[in-house]
Protein chains: 4
Amino acid sequence: MGIVLGPNRYGKAECRVVRIVRDTPRHEIRDLNVSTSLRGDFTAAHEAGDQSQVLPTDTQKNTAFAYAKKHGVTSPEDYALALARRLLEATPAATGALIRVEEYAWDRIPVGGAGHDHAFVRRGGEVRTTAVDLSSEGAHVVSGLTDLVVLKSTGSEFTGFLVDEYTTLPEAEDRILATSLTATWRYSDRGAVAWNRTYDEVRALLLATFATTYSRALQETLYAMGRAVLEAHGGIEEISFAAPNKHHFLVDLEAFGLDNPGEVFIAADRPYGLIEATVVREED
Amino acid sequence: MGIVLGPNRYGKAECRVVRIVRDTPRHEIRDLNVSTSLRGDFTAAHEAGDQSQVLPTDTQKNTAFAYAKKHGVTSPEDYALALARRLLEATPAATGALIRVEEYAWDRIPVGGAGHDHAFVRRGGEVRTTAVDLSSEGAHVVSGLTDLVVLKSTGSEFTGFLVDEYTTLPEAEDRILATSLTATWRYSDRGAVAWNRTYDEVRALLLATFATTYSRALQETLYAMGRAVLEAHGGIEEISFAAPNKHHFLVDLEAFGLDNPGEVFIAADRPYGLIEATVVREED
Amino acid sequence: MGIVLGPNRYGKAECRVVRIVRDTPRHEIRDLNVSTSLRGDFTAAHEAGDQSQVLPTDTQKNTAFAYAKKHGVTSPEDYALALARRLLEATPAATGALIRVEEYAWDRIPVGGAGHDHAFVRRGGEVRTTAVDLSSEGAHVVSGLTDLVVLKSTGSEFTGFLVDEYTTLPEAEDRILATSLTATWRYSDRGAVAWNRTYDEVRALLLATFATTYSRALQETLYAMGRAVLEAHGGIEEISFAAPNKHHFLVDLEAFGLDNPGEVFIAADRPYGLIEATVVREED
Amino acid sequence: MGIVLGPNRYGKAECRVVRIVRDTPRHEIRDLNVSTSLRGDFTAAHEAGDQSQVLPTDTQKNTAFAYAKKHGVTSPEDYALALARRLLEATPAATGALIRVEEYAWDRIPVGGAGHDHAFVRRGGEVRTTAVDLSSEGAHVVSGLTDLVVLKSTGSEFTGFLVDEYTTLPEAEDRILATSLTATWRYSDRGAVAWNRTYDEVRALLLATFATTYSRALQETLYAMGRAVLEAHGGIEEISFAAPNKHHFLVDLEAFGLDNPGEVFIAADRPYGLIEATVVREED
């Protein structure tokens, strides 16, 4: 029984590509963190140190920057698709390319009631993401967001749970529900998607559903959010969530002669609940 | 020549106090990170292990949470002043208290065009700060913000600098100027300040001045920002900045047959320039 | 075509369990970060908010701490196996449990040439990891380490690579090779493994192989390291690596009248190469 | 009352200088993070955008790398002193230079019982630091360490403290004492100090004193550590500590039918106590 190379891939991670569009005095900015990865037959590089089929990660980086100019960045998805095609074309031994992009949002600085032409303030909050996987089987586009921190100060309970001898948690009829949401959704259509508009709509729908759904557990909330997205967007096949339950514990102020009807909480760091769920379309 | 105790202080750092105001169905949220520190005559604790004059840091933490209820949080400054007074009162050996507060901003989640009553999304972006120092000499209130990330895609140069034999930097006629701003301003008036309104106004003024000032160096930009704040706010004595120059290097695309007139940049991490400056009122 | 729940799991992440063994005056310490995760039929919780089959994450946390006493921690693997068994037993709806453990190493503080009985200094360096997955199919134990930062100041080249029109990288005959290694290996035997001894041996072998193998690329180095582990440890089925190529760029000092034959480097942060590879036993 | 420039300084932060000494086949490595800062009369740069007296931060960076070759790095202190002198010499408007250096330690990888000639593993644990401030008044050298994480599993109590109406903490007769120590000591002699040997001796003394001193509070422990250093090292004027009290809370296992005599703890993140103290030589 011999020892052989199994799955492998390589690329350049975290190229911080900033693209300014300055065709008019009103500039636009796209602020990206781009990671590339190639897979395929790179056995000779591993077993014999033979780099002749290896496109250097430095070249992958160069291509990421060059394509920000040559192809442009109208959306992370469109840019990543172009970059994936180019890297596969340049690397005969590669059978697949995975391009990951994070995008950081900027707002125009308000001056006299209007947004400035070329001065921006980073918005903060969630990061937009995409992962484009291109191979002979076509492209998979999985877009999403991460670090969308949301909180409900009421409208959330956790009761009726399974109890064993290690259970000490009291039931909560009214608690804070908070999470730092990571969501990723897979597009069925990989071509003519309105990437930016769909992103904005999904983000808005996730937020509104979180706000308006009474929560009997974070699981139920995530499922409702996923269901709402799939119902509204026929071009999305499935959506996945990773949601830390960011515990806010009610502080006991009784010893100090103070009541605390849901007013003062301590936000805890660790440990935290971690809920992961995918909502999919049923196969026929 | 003996060995003795020099300056010392102690307290509880990073109490994550979340205060929900729920007197009406339209909740409010204040999300704070509170650190306390007491100084004074604590020699016996250091030299003899005698804790009789030491108010435990656990008690300081309890007080921070209790005061979020008992006193309330209309602003970080007002809350910190109350907490400082209480801790000094409770600790006879203490001659001074320093309370530091960071505040994280939340927006209401938009639902059907309006902000939701009890569902929030964390805004991201800059963190509001205050440091209240209370002693027999009165209170010093130094408020500010940190992590306000701003960028100008034009309107910035860096030329005419001192050159020595280790200088290789070419002059830049048009470059990206970006920083993650930390600003702190000291109030002369410690009483009836409109803390929240002043914060909003200073923040807006810093942003607008950054946007509209042509920059011949980050130093000049900071000075202009500080000057604008002191001119508009008579109740502010001085303002200090710490501003990393977040370098965005133009990528050379010539080898790829592409020109790059200020369009594609790499955002660098380290090293970075670090500019620190204070703008003050001249003493007579 | 309906919308349904897909894969899902939940648990408590990052329980910081510290276990002191103090049966004798010479204490031992195990310092763990424990994350639990249960999967199975939790559809009712997601679709109907019905928690009756859901063992709370708070209970999972309690169990993690209780088992540090009841079962003890002779190794992360043995402890995680016991915890997985307990959580499956307590949760009828669960079909699988995944327990992840990170362990932080401590050394005895040296006093007068010997290690102190009950005073420790955290070692720093790499973190030991394990992921135990238990289901009706049995247990999978995947152990490893992360953040093992290694560097060779010579004995590394990168030449003969594929060149396209975006390639500007010169060949390097002698460069620094550095990485922050993450390695995970899967045990075939899940029972009577000498977990601690095997960990120590694999770690030593990874280090020695890195040191003594001439490197024509990080890929070749990783493959050699994996091969060495599989050859020496029949009870290990496969080993995987994720290795950022932490670039150290030679600084051009020529403009300053200084040569630089591999002496002064700048350690870069981003972007970085990222090499991932698995070495496996060939199936017959 | 006019508005003017107050204190200001500028420089390049976090130059990651790696110096390999390869005069013989047995290489040495010094791995530094270098930050420079100049202060003086830079009013014209702030008020008028005039850079003619401003040595660019890019030049300061170049000098940091060039001096790693030209002057060499026998210790962070010696290197920083040389760099400070050079930057002052190159910048007529500067009246002072502050050079901060962090050093990361590496061990030789053990191969066959001996350390390898050119393969290293990063040690982890504490970071060695220095801050050299040079002006017409001479040099101040403040060296130290940070992130030295230590823990005692017994030999620590906290009792007899001040109690007020917000105090709920019970007295602890036997607790874990843990901290992540930052220490900085100021040398009186700025010339012929054996920087590396002194560092090693102070570090060893801090550790041994922590281990062997019964602790009635972290304050007492820090004072004892400082006193020990000043007693042993006549060339050190004063030593300062910042020590987070990394709380390890005993977990209540009684509900599960288990006792817990100091065996199972939860390591908490926030909030934490923060103790700061300086030990000095008494002035006559």
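For the range B:84-106, what are the residues that are within 20 Å of the chain's Cα centre (by Cα) and in a loop (DSSP other than H, G, I, E, B)?
If the condition is that a residue be within 20 Å of the chain's Cα centre (by Cα) and in a loop (DSSP other than H, G, I, E, B), then B:Ala105 is the only one that fits.
Inside the range C:99-149, can you point out the residues that are more than 23 Å from D:Thr179 (Cα to Cα) and of a type in the set (Lys, Arg)?
Within the range C:99-149, C:Arg100 is the sole residue that qualifies.
Taking the range B:1-35, which residues are within 7 Å of chain D (Cβ to nearest Cβ) and over 30 Å from D:Ser156 (Cβ atoms)?
Within the range B:1-35, B:Met1 is the sole residue that qualifies.
What are the residues in the range B:51-83 that are within 18 Å of D:Leu274 (Cα to Cα), without any contact (Cβ under 8 Å) to a residue 12 or more places away in the chain and not in a helix (DSSP H, G or I), if any?
Correct list: B:Gln51, B:Pro56.
Residue-by-condition table, conditions (1) buried (at least 20 other Cβ atoms within 10 Å of the Cβ); (2) touching a His at 6+ places or on another chain (Cβ under 8 Å); (3) in contact (Cβ under 8 Å) with a residue 60 or more places away in the chain:
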site: A:Phe120; (1), (2), (3): yes, no, yes
site: A:Gly125; (1), (2), (3): no, no, no
site: A:Ser153; (1), (2), (3): yes, yes, yes
site: A:Asp164; (1), (2), (3): no, no, no
site: A:Glu171; (1), (2), (3): no, no, no
site: A:Ser180; (1), (2), (3): no, no, yes
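Give just the number: which of (1) without any contact (Cβ under 8 Å) to a residue 40 or more places away in the chain; (2) part of a strand (DSSP E or B); (3) more than 8 Å from every other protein chain (Cβ to nearest Cβ) does B:Leu38 not satisfy?
(1)
State which residue is nearest to the other protein chains (Cβ to nearest Cβ) when the search covers only the range D:131-148 and only residues that are β-branched (Val, Ile, Thr) and without any contact (Cβ under 8 Å) to a residue 60 or more places away in the chain. It would help to see each step written out before you state the result.
Pass one, the range D:131-148, residues β-branched (Val, Ile, Thr): D:132, D:141-142, D:146.
Among the residues that remain, those that are also without any contact (Cβ under 8 Å) to a residue 60 or more places away in the chain are: D:132, D:142, D:146.
Values: D:Val132: 17, D:Val142: 14, D:Thr146: 12 Å.
Only one residue fits best here, namely D:Thr146.
How about the range D:152-179: which of its residues are more than 12 Å from chain B (Cβ to nearest Cβ) and of a type in the set (Gly, Ala, Ser)?
D:Ser153, D:Gly155, D:Ala178
From the list A:Arg86, A:Arg100, which one is without any contact (Cβ under 8 Å) to a residue 24 or more places away in the chain, within 12 Å of another protein chain (Cβ to nearest Cβ) and basic (Lys, Arg)? Working first, answer last.
Details: A:Arg100 fails: without any contact (Cβ under 8 Å) to a residue 24 or more places away in the chain.
Step by step, each of A:Arg86, A:Arg100 is checked, and only A:Arg86 is without any contact (Cβ under 8 Å) to a residue 24 or more places away in the chain, within 12 Å of another protein chain (Cβ to nearest Cβ) and basic (Lys, Arg).
Given the structure, is D:Glu47 part of a helix (DSSP H, G or I), charged (D, E, K, R) and within 11 Å of chain B (Cβ to nearest Cβ)?
Considered against the rule, which asks whether it is part of a helix (DSSP H, G or I), charged (D, E, K, R) and within 11 Å of chain B (Cβ to nearest Cβ), D:Glu47 comes out as yes.
Mind checking which pairs have a first residue in the range C:236-257 that is without any contact (Cβ under 8 Å) to a residue 12 or more places away in the chain and a second that is assigned to a strand (DSSP E or B), Cβ under 7 Å, 6 or more apart or different chains?
Sorted first by the residue in the range C:236-257, then by its partner, the pairs are C:Leu253/C:Val264.
Conditions: (1) buried (at least 22 other Cβ atoms within 10 Å of the Cβ); (2) within 13 Å of another protein chain (Cβ to nearest Cβ); (3) not charged (D, E, K, R). C:Tyr199 meets all but one. Number of the miss?
All conditions are met except number (2).
Taking the criterion of being without any contact (Cβ under 8 Å) to a residue 60 or more places away in the chain, within 16 Å of the chain's Cα centre (by Cα), more than 8 Å from chain B (Cβ to nearest Cβ) and under 18 Å from D:Gly155 (Cα atoms), would at least one residue in the range D:210-222 satisfy it?
Within the range D:210-222, not a single residue is without any contact (Cβ under 8 Å) to a residue 60 or more places away in the chain, within 16 Å of the chain's Cα centre (by Cα), more than 8 Å from chain B (Cβ to nearest Cβ) and under 18 Å from D:Gly155 (Cα atoms).
Would you tally the residues in the range D:251-284 being at the interface with chain B (Cβ under 7 Å from one of its Cβ atoms) and over 30 Å from B:Glu47 (Cα atoms)?
Going through the range D:251-284 one residue at a time, the tally reaches 0.
Just for the range C:1-49: of the residues that are farther than 26 Å from C:Val132 by Cα and in contact with a helix residue (DSSP H, G or I) (Cβ under 9 Å, 6 or more places away or on another chain), which one is surrounded by the most Cβ atoms within 10 Å (Cβ to Cβ)? Break it down into steps so the answer makes sense when it comes.
Taking the range C:1-49 and keeping what is farther than 26 Å from C:Val132 by Cα, we get C:1-4, C:22-27, C:44, C:47-49.
Keeping just the survivors that are in contact with a helix residue (DSSP H, G or I) (Cβ under 9 Å, 6 or more places away or on another chain) gives C:3-4, C:47-49.
Working: C:Ile3: 18, C:Val4: 17, C:Glu47: 15, C:Ala48: 11, C:Gly49: 21.
Of everything passing the filter in the range C:1-49, C:Gly49 is surrounded by the most Cβ atoms within 10 Å (Cβ to Cβ).
Could you list, in sequence order, the residues of the range A:137-166 that are over 22 Å from the mean Cα position of the chain (by Cα) and farther than 22 Å from C:Thr43 by Cβ?
A:Glu137, A:Ser153, A:Thr154, A:Gly155, A:Glu165, A:Tyr166
Of all residues in the range C:51-80 being hydroxyl-bearing (Ser, Thr, Tyr) and buried (at least 23 other Cβ atoms within 10 Å of the Cβ), which is farthest from A:Glu171 (Cα to Cα)? Steps first, please.
First, the residues of the range C:51-80 that are hydroxyl-bearing (Ser, Thr, Tyr): C:52, C:57, C:59, C:63, C:67, C:74-75, C:79.
Next, from what is left, pick out any that are buried (at least 23 other Cβ atoms within 10 Å of the Cβ): C:57, C:59, C:63, C:67, C:79.
Values: C:Thr57: 13, C:Thr59: 12, C:Thr63: 18, C:Tyr67: 24, C:Tyr79: 29 Å.
Among residues in the range C:51-80 that are hydroxyl-bearing (Ser, Thr, Tyr) and buried (at least 23 other Cβ atoms within 10 Å of the Cβ), the one farthest from A:Glu171 (Cα to Cα) is C:Tyr79.
Just checking: which of the strands (runs of 3 or more DSSP E) contained wholly in the range B:192-284 hold 2 or more residues that are modelled with pLDDT of 95 or more and more than 26 Å from D:Ser35 (Cα to Cα)? Give the derivation first.
Working: elements: B:236-245, B:248-250, B:264-267, B:272-281.
In the range B:192-284, the matching strands (runs of 3 or more DSSP E) lie at B:236-245, B:272-281.
Among the residues of the range D:229-242, write down those that are buried (at least 23 other Cβ atoms within 10 Å of the Cβ) and more than 11 Å from chain B (Cβ to nearest Cβ).
Once the filter is applied, which keeps residues that are buried (at least 23 other Cβ atoms within 10 Å of the Cβ) and more than 11 Å from chain B (Cβ to nearest Cβ), the range D:229-242 yields nothing.
Within the range C:214-228, how many residues turn out to be in contact with a strand residue (DSSP E or B) (Cβ under 9 Å, 6 or more places away or on another chain) and either surrounded by fewer than 23 Cβ atoms within 10 Å (Cβ to Cβ) or of a type in the set (Ser, Thr, Tyr) (or both)?
Residues in the range C:214-228 being in contact with a strand residue (DSSP E or B) (Cβ under 9 Å, 6 or more places away or on another chain) and either surrounded by fewer than 23 Cβ atoms within 10 Å (Cβ to Cβ) or of a type in the set (Ser, Thr, Tyr) (or both): 7 in total.
For the range B:140-191, how many residues meet the condition of being in a strand (DSSP E or B), farther than 27 Å from A:Gly115 by Cα and among the hydrophobic types (A, V, I, L, M, F, W, C)? So that I can check it myself, show each step before the final result.
If we filter the range B:140-191 for residues that are in a strand (DSSP E or B), which is where we start, we get B:140-152, B:156, B:158, B:172, B:177-187.
This time we only want the ones that are farther than 27 Å from A:Gly115 by Cα, so: B:140-142, B:186-187.
When the remaining residues are screened for being among the hydrophobic types (A, V, I, L, M, F, W, C), the result is B:141-142.
Of the residues in that region, 2 qualify.
The values are calculated or read from the model by the stated rules, or taken from the named source; none is laboratory data. This structure is a prediction, so every number in the text was calculated from the model and none was measured. Positions of Cβ are backbone-derived with ideal geometry, glycine not excepted, and every protein chain shown enters the neighbour counts.
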